[in-house]
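Everything below concerns the one structure shown next.
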């Protein structure tokens, strides 16, 4: 009888471990749609959108430029040494530009925004939850999702593609610094290969990715903060800390998974 | 007999293994102030959160003018919700907004009033609550008592029909406490709202309430007028209002 009970309990825990992530994904999807539909509801929250464009976008410019420059420089170095083995150093411009525009630009800028703005918004919303500020919005008949999440979603849809473009441009320049100025590739060849190899599909593909990343990152970060109080592994300040960690880790992982899925469709 | 404005019918709520509300039956009448008293941790705030819809009962029903909240169409429920206001026990002010922005928020988000009109209303309310010259400060820069009064100002700024106060005077000095009680009464007389107050301020609340309900172990053990509770013979009620174990 005891043996039978232990089998039942193991099966139940196995079932729970499958059902819970599915339930969580369902909740995140519903949360996203609740925020997304309010993009089209009036009155538009223009001042809040501008505020969040400043926070997510303008304040991330420095870190995106810095990582873009060094990513491009590393690509320039690695690309040069690998291409020189085949005598194809002249293709460095194409290698750097395509790698950045198709992959590195959208992914790296998304990860930088997650670490700078995503973590902050998760913590901010989490603190609002535990200090009853979200409940206060509800009692004032203000839709908390519309008030807190929708402006961030719109701001991210504006900021992510712009920051990705900035990352790409700075990265290409970084590749030029190492490839041409340090390692001696003719700068005209470098830029002509950039020009000839990059197609409009590459650029639009990068932007499509950045738009998807914006939707996933903001939804996950806001969701983790918004439901801080339902966490089973920690309450109060500890819960907010755990929610922020979950937001950053889940968002980064989702960016890489979504990147793979989108790449397989876009190629 | 007059129909209750809000009626709780056999409302039960359990959190995990802790059964907080065990079949609450309570009537709240229009234009009256009903005060809920009871020991700490007996579920008074939980009860208040059920009335405003922040929590849903596990069983039982909440009726507004005879209509079940559960069965009410979404549009009607929204219209009803806009008549409510709630003052939280911990103030629940937005810490990233100034005092002015906190009080103006419900007007800014819910009404079509112009900026100048909103400013006038907010400054008027601040003055009435003796909160001069703090409109540009953040909640963390003012005292706990001031935060309470800012929360009260925010709750009353929209001239609601139903106001729920969760311990509005806890942490206030006797003068401010009387001022808040006076303001609750004055506003009630002026605008005729229905109020539900959770409070420990005995006997002060007997002067401002028309009805008193006492909660004990998740059940209403007394419901009646302030005079009735003061003359009540039930040992549990007598001990509580006289502050004895």
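Quick note: the coordinates plus some simple rules give every number you see, no bench work behind them. The structure displayed is predicted, hence computed values, not measured ones. Please note: Cβ atoms are built from the backbone with ideal geometry, for glycine as well, and neighbour counts cover all protein chains shown.
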For the protein assembly as shown, convex hull volume per residue from C-alpha positions, Å³
214 Å³
Label residue B:95 and residue A:197 with points 7 Å out from Cα along Cα→Cβ: what is the distance between them in nm?
5.0 nm
Average other protein chain Cβ within 10 Å of Cβ, residues A:129-137:
6
Taking every residue of A:139-150, the Cβ atoms of other protein chains inside 10 Å of its Cβ average out to 4
Before anything else, pin down the relative contact order of chain A: Cα pairs under 8 Å, at least 6 apart, normalised by residue count, whole percent.
31 percent
Under a point spin-label approximation (7 Å from Cα along Cα-to-Cβ), what is the residue A:229-residue B:65 distance to one decimal in nm?
2.9 nm
Gyration tensor over alpha-carbon atoms, region A:202-258, equivalent ellipsoid semi-axes in Å:
28, 9, 7
Here the relative contact order (percent) of chain B, from C-alpha pairs under 8 Å and at least 6 apart, is 27 percent
Extension gain (nm, one decimal) between residue A:41 and residue A:23, 0.36 nm per residue minus Cα-Cα:
3.7 nm
Output field shielding_mean for B:86-98 (other chain Cβ, 10 Å radius) holds 4
Classify region B:37-152 from the C-alpha gyration tensor, please: rounded if a/c falls under 1.5, else prolate or oblate depending on whether a/b exceeds b/c.
oblate
Can you give me the pair-distance distribution of region A:81-201, C-alpha pairs, 5 Å bins, whole percents?
2, 10, 15, 15, 12, 9, 8, 7, 6, 5, 5, 3, 2, 0
For region A:68-116, count all C-alpha to C-alpha pairs, find those more than 13 Å apart, and express that count as a whole percent of the total.
57 percent
I'd like to compare B:202-215, A:41-54: which one has the highest average count of other Cβ atoms within 10 Å, and what's the full order after that?
B:202-215, A:41-54
Taking just the alpha-carbon atoms of chain B, what radius of gyration and Dmax come out, in angstrom?
18.2, 56
Against the empirical 2.2 N^0.38 Å scaling, what ratio does the C-alpha Rg of region B:183-224 come to?
1.28
At a 10 angstrom cut-off on C-beta neighbours, averaged per residue, how do the peptides B:109-117, B:13-21, A:212-220, A:165-173 rank from highest to lowest?
A:212-220, A:165-173, B:13-21, B:109-117
1/(1 + (r/R0)^6) with r = Cβ-Cβ of residue A:249 and residue B:77, R0 = 45 Å, i.e. FRET efficiency to nearest 0.05, evaluates to 0.75
Return the Rg/Rh value of region A:1-134, two decimal places, where both radii are evaluated on C-alpha atoms and Rh is the Kirkwood radius.
1.19
Taking only C-alpha pairs under 8 Å that are 6+ residues apart, what is the relative contact order of region A:146-267 in percent?
29 percent
Highest mean first, how do B:72-83, A:25-36 rank when packing is the count of other Cβ atoms within 10 Å averaged over residues?
A:25-36, B:72-83
Shape descriptor, region A:35-108: equivalent ellipsoid semi-axes (Cα gyration tensor, sqrt 5λ, whole Å, largest first) stand at 40, 14, 7
Taking only Cα atoms, what is the 0 to 90° angle, nearest 10, from helix B:115-128's long axis to the longest principal axis of chain B?
60 degrees
Under a point spin-label approximation (7 Å from Cα along Cα-to-Cβ), what is the residue A:14-residue B:204 distance to one decimal in nm?
6.2 nm
For region A:54-266, what mean projected area does the convex hull of the alpha carbons give, in nm²?
13.1 nm²
Could you give the spread of the C-alpha atoms of region B:44-109 along their three principal axes, from largest to smallest, in whole angstroms?
40, 27, 16
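Hey, could you grab the Kirkwood Rh for region B:120-245? Inverse mean 1/r over distinct alpha carbon pairs, Å, one decimal. Show your work: numbers first, answer last.
Details: mean 1/r = 0.0625 Å⁻¹.
Answer for region B:120-245: a Kirkwood hydrodynamic radius of 16.0 Å.
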